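Trainee: Take a look at this one; I'll ask things after.
The values are calculated or read from the model by the stated rules, or taken from the named source; none is laboratory data. Predicted model, so just to flag it, every value in this text is computed and none were measured. Cβ: placed from backbone, ideal geometry, glycine included. Neighbour counts: every protein chain shown. Side chains included, ligands, DNA and RNA excluded: accessible areas come from the protein's heavy atoms. Shrake-Rupley method; radii C 1.70, N 1.55, O 1.52, S 1.80 Å.
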Amino acid sequence: MTSLSTVRQQVLAGIDSHLVRRLAGPLLILLAAYGIVPLVADQYVIESLLLPFLSLSLAAVGLNLLTGSAGQLSLGTAAFMAVGAYGAYNVVLRLPWVPMLLAFVLGGIAAAAIGIVFGLPSLRLRGFYLAVSTLAAQFFVQWVFTKFSWFSNDNTSGVITAPQLRAFGLVFSEPTARYLFCLTVVMLLGLAAERLLATTTGKHFIAIRDNELAARIIGVPVLKTKITAFALSSFIIGVAGALWAFAYIRTVEPHGFNLDRSFQILFIIIIGGLGSIRGSFLGAAFIVVLPLVLSRLGSAIFGGIFDSGVVEMCQRMIIGVLIILFLILEPDGLAAVGRRLGPTLRRLLWRQ
Amino acid sequence: MMADQIQFFFEVLIGGLLSGVMYSLVALGFVLIYKTSGVLNFAQGSMVLFAALTFVQLREKGLPFAVAFLITLILMAVLGITVERTVMRPLLNRSPIVLFLATLGLSYIIEAGAQLIWGTQVHALDLGISDTPIQVGPVSISQFDISAALISGTLVAALVFFFQRTRTGLTFRAVADDPFAALAVGLRLSRIWALVWITAGLIALVAGLLWGARLGVQFSLSLIVLKAFPVLVLGGFDSILGTIVGGLIIGATEKLAEVFVGPLFGGGIETWFAYVVALVFLLIRPTGLFGQKVVERV
Amino acid sequence: MPPPDTTSGSPNGHLSARAPAALALDHISLAFGGVRALTDVSLEVRTGEIRSIIGPNGAGKSSLLNVISGVYQPQSGAVYIDGVPYPRIDPARLAAIGIARTFQNLALFDGLSVLDNIAIARSPRGGGDLLSQFLALPEARRAARKAREEADDLVQFFGLETYRHRRVGSLPYGARKRVELARALIARPRLLLLDEPMAGMNHQDKHDMTQFIRSARDRFSTTVILIEHDLSVVMNLSDRIAVLDFGNKIADGTPTDVRTNDAVIAAYLGVDHDHPQGVTQS
């Protein structure tokens, strides 16, 4: 009896320390995100840093599934965001009885459908030929939303103004409320993506990326897996677009989803780490904060000598340099840097 | 009435074919680098912008045409060699996607750098070619378009000749076929790659001058890269002949669609039409018009 | 058309008359553009044997393997597997037919762990749909556990325990070669195609790999077709050897037969390529 309870204690202790070690980080982050940030962050921080950070993180998670994990290069991410945003907008507009969360899901499904259409060429095309197909999606979608005002409730330049966020009978209009809404959606989809990568299908993604012929020969259903990757990736990106439109900027024009936006998300996953869900968040944080830091730094050092144009050009150059440096020196991005720093940080924490 | 329409159709068609030649020129810059090092160089567009901006600024400082051309060419060569040394060489043996992403970063650097150095204003560029239309039979054609197509065509022909007939060109092709074998027989890869980047710089310069004279030298010049992609897809990323035919087809169908189909949709279809043409074609023939059939090496 | 018997006069000829050959190639010809890679090659492989194909560089060995695995489509000829004719082999159906292969230049999934690299090949189309995988429903969980257990067996069989959870990309070369062999075996193939399994290995690794191939054949009772450059390995390991030169089969027989065959010696010494044809060992 005593020995049994000791064993039980030991097992519990083992689980405990293992679980604590594994979950401590994520739990702390969640605690901070839900408990501390809403208390300390002012409107500016939420509206110009946290909301874009969350939407872009989610878009990057989506792109990372397709490009980072499944190895299919996409240059049309912003187009799929646009489909999600305009899709959700039209559902809310035309089917007012549909709950808004469901409208977001439908927006995501619309994006997934378009993703499948432009992903279909991946069944026959590879590499850059496929990338060109996603570019076609980029230009075509942008054109459709600019030209056909039906999608924007007859606004001649395609601009939509998103209605207030509502879910479960609550209205999320304050910045903090929108932040919490965004956080919850992004967290749930981020966890889902992480879970997806652990499934057999997730491993098929990586197999196809690393060696498509070998994957085919051992019996991986290559075509089905690619289409799945396109669909799931576009779904997540579509929901990210809806968040971008409803929770962040709220008045959206098609031009906001241009090629530069697609590149921005591509840069996020390069800097964060190709194939890493965690990296998507790190990369997004980096890309959102970098311009701010640079312009503060610029004005601190040089004062106001340079106009905003010069500052912007400098930012673009620095981003370009960083992309190349990351690709050469740290191909696994900030996620890998974090993995290396993790144990060191933990040791420091435990010592204290 | 009918005759008028036919005449108009031919004017549009010829205009399209002539700008198609200029598309081919831009696409050729891609093919050259892709063939020899397997890199799809997204920065080709920003190189066009850089070359045109540099040239126009030198001209505005009062330098004669030839001197400005030469200095720009030297700068492009320095740029090319620098890129080869600092970006491409450390990324040797990495996956094509990584190489492409690096050139995407590169395009941000060159584009922003060019505008930092030379400013963001739009510059007019006068090459001294008259733009009054000339009458060829019943059809009137822009004189500038003809001259631009002739210059592009000459450069393309010269490069084809260089590739097919000269010793250096043949070593280029050897490198393209099998870099490791080329290395084994003692071809100096880094020198060849540097040369390739310099040639791509020359093409960017000529393309920058022609397109700059037509559209004004400004930021949007670097977007020319987006016009070259459908041409590349159509012609195959590794075929010089393909880029020429692909450029003509894209130029012609794009102009025809813009004039005759576009109005049905309220215009603006030129941003994506070429892509759709290329994609539909690709689904029928996955390796482009003249791209090599890929035999997988296992 | 019955599967051809190319082993006329072989001591075991009566065996193949009873049971169909594990694999039979019937007058296979393959060309790329104008270049002939294989000319009228016939070959028969008995169930359970280790069958090697050798020949100088460019003799068509890899092409032959790629024909069997459906990567290349021959212009003429047919492939019989256990007596069933396959006019066209779809690489995507290869595992279902019961053929597994390794690659000359390693074709592993570098981003996955050793265990995942092996487990993934167990039954890639089983294990339920995406939703049941995502929710870890019983069917998916059972399939995943089964794959993991079998992969674990192979990890032990090939002595890869220390690497089990390491990413394959970071493993030493010899270990990666073993992972690839394990991945091929987990599907319990009838036919195992090995494309230069010893390429680039040191002496010790080669010795180990020889043992692994032999004991894998015995334990999983599979038929092995082997392409290999190292002749001492081939002579030691093979039951029978076919020799290719310039896309033609110039000899076929036991290691002893092949070793003393004049055409083979000529081909390897690089002399007199004009009339080795027809000098077929029986």
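Trainee: Of a type in the set (V, I, T), open to solvent by 20 Å² or more (accessible area, probe 1.4 Å), at the interface with another protein chain (Cβ under 10 Å from one of its Cβ atoms) and not in a strand (DSSP E or B): does that describe A:T228?
Mentor: yes
Trainee: Restricting attention to segment C:57-88, which residues are part of a loop (DSSP other than H, G, I, E, B), away from every other protein chain (no Cβ under 14 Å) and surrounded by fewer than 17 Cβ atoms within 10 Å (Cβ to Cβ)?
Mentor: The answer is C:Q75, C:G83, C:P87, C:R88.
Trainee: Let me ask another. From the residues in segment A:145-179 that are in a helix (DSSP H, G or I) and facing chain B (nearest Cβ under 9 Å), which one is nearest to the chain's Cα centre (by Cα)?
Mentor: Residue satisfying both the conditions and the ranking: A:T146.
Let's see how each residue does on (1) within 13 Å of chain A (Cβ to nearest Cβ); (2) in contact with a Gly (Cβ under 9 Å, 6 or more places away or on another chain); (3) closer than 28 Å to B:P230 by Cα:
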residue	(1), (2), (3)
B:G29	no, yes, yes
B:Y34	yes, no, yes
B:S37	no, no, yes
B:L49	yes, yes, yes
B:T54	no, yes, yes
B:Q57	no, yes, no
B:P64	no, no, no
B:F69	no, no, no
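Trainee: Six or more apart or on different chains, Cβ under 9 Å: which pairs go from a residue in segment A:315-334 that's at the interface with another protein chain (Cβ under 8 Å from one of its Cβ atoms) and touching a residue at least 12 places away in the same chain (Cβ under 8 Å) to one that's open to solvent by 40 Å² or more (accessible area, probe 1.4 Å) and not in a helix (DSSP H, G or I)? Could you list them?
Mentor: A:L327/B:R94; A:P331/A:L274; A:P331/B:R94
Trainee: While we're looking at this one, here's another question. Please enumerate the residues belonging to segment C:128-168 that are under 23 Å from the mean Cα position of the chain (by Cα) and either open to solvent by less than 30 Å² (accessible area, probe 1.4 Å) or not charged (D, E, K, R) (or both).
Mentor: Those that are under 23 Å from the mean Cα position of the chain (by Cα) and either open to solvent by less than 30 Å² (accessible area, probe 1.4 Å) or not charged (D, E, K, R) (or both): C:A147, C:A151, C:L154, C:V155, C:Q156, C:F157, C:F158, C:G159, C:L160, C:V168.
Trainee: Another question, if that's okay. Return the only residue of A:S48, A:S57 being in contact with a Ser or Thr (Cβ under 7 Å, 6 or more places away or on another chain), in a helix (DSSP H, G or I), under 16 Å from A:R178 (Cβ atoms) and not charged (D, E, K, R).
Mentor: Just one listed residue meets the conditions, A:S57.
Trainee: Only one of B:V225, B:V233, B:V276 is within 19 Å of A:T134 (Cβ to Cβ), of a type outside the set (F, W, Y), under 19 Å from the mean Cα position of the chain (by Cα) and facing another protein chain (nearest Cβ under 10 Å). Can you tell me which?
Mentor: B:V233
Trainee: Then there's this: Any chance segment B:30-45 includes a residue that's under 17 Å from B:I110 (Cβ atoms) and small (G, A, S)?
Mentor: Yes; the residues of segment B:30-45 include at least one that is under 17 Å from B:I110 (Cβ atoms) and small (G, A, S).
Trainee: Scan segment A:156-192 for residues that are over 23 Å from A:G35 (Cα atoms) and without any contact (Cβ under 8 Å) to a residue 24 or more places away in the chain and jot them down.
Mentor: Matches in segment A:156-192: A:T156, A:Q164.
Trainee: Can you tell me which residue is nearest to A:R209 (Cα to Cα) among those in segment A:107-144 that are away from chain B (no Cβ under 14 Å) and open to solvent by less than 20 Å² (accessible area, probe 1.4 Å)?
Mentor: Selected residue: A:G115.
Trainee: Just to be sure, is A:V222 over 15 Å from the mean Cα position of the chain (by Cα) and either under 12 Å from A:A70 (Cβ atoms) or among the small types (G, A, S) (or both)?
Mentor: yes
Trainee: Name the residue that is farthest from the other protein chains (Cβ to nearest Cβ), counting only residues in segment A:199-211 that are open to solvent by 30 Å² or more (accessible area, probe 1.4 Å) and touching a residue at least 40 places away in the same chain (Cβ under 8 Å).
Mentor: A:R209
Trainee: Within the bounds of segment C:203-216, is there any residue that is open to solvent by less than 40 Å² (accessible area, probe 1.4 Å) and touching a residue at least 60 places away in the same chain (Cβ under 8 Å)?
Mentor: Within segment C:203-216 (the criterion being open to solvent by less than 40 Å² (accessible area, probe 1.4 Å) and touching a residue at least 60 places away in the same chain (Cβ under 8 Å)), the answer is yes, since at least one residue qualifies.
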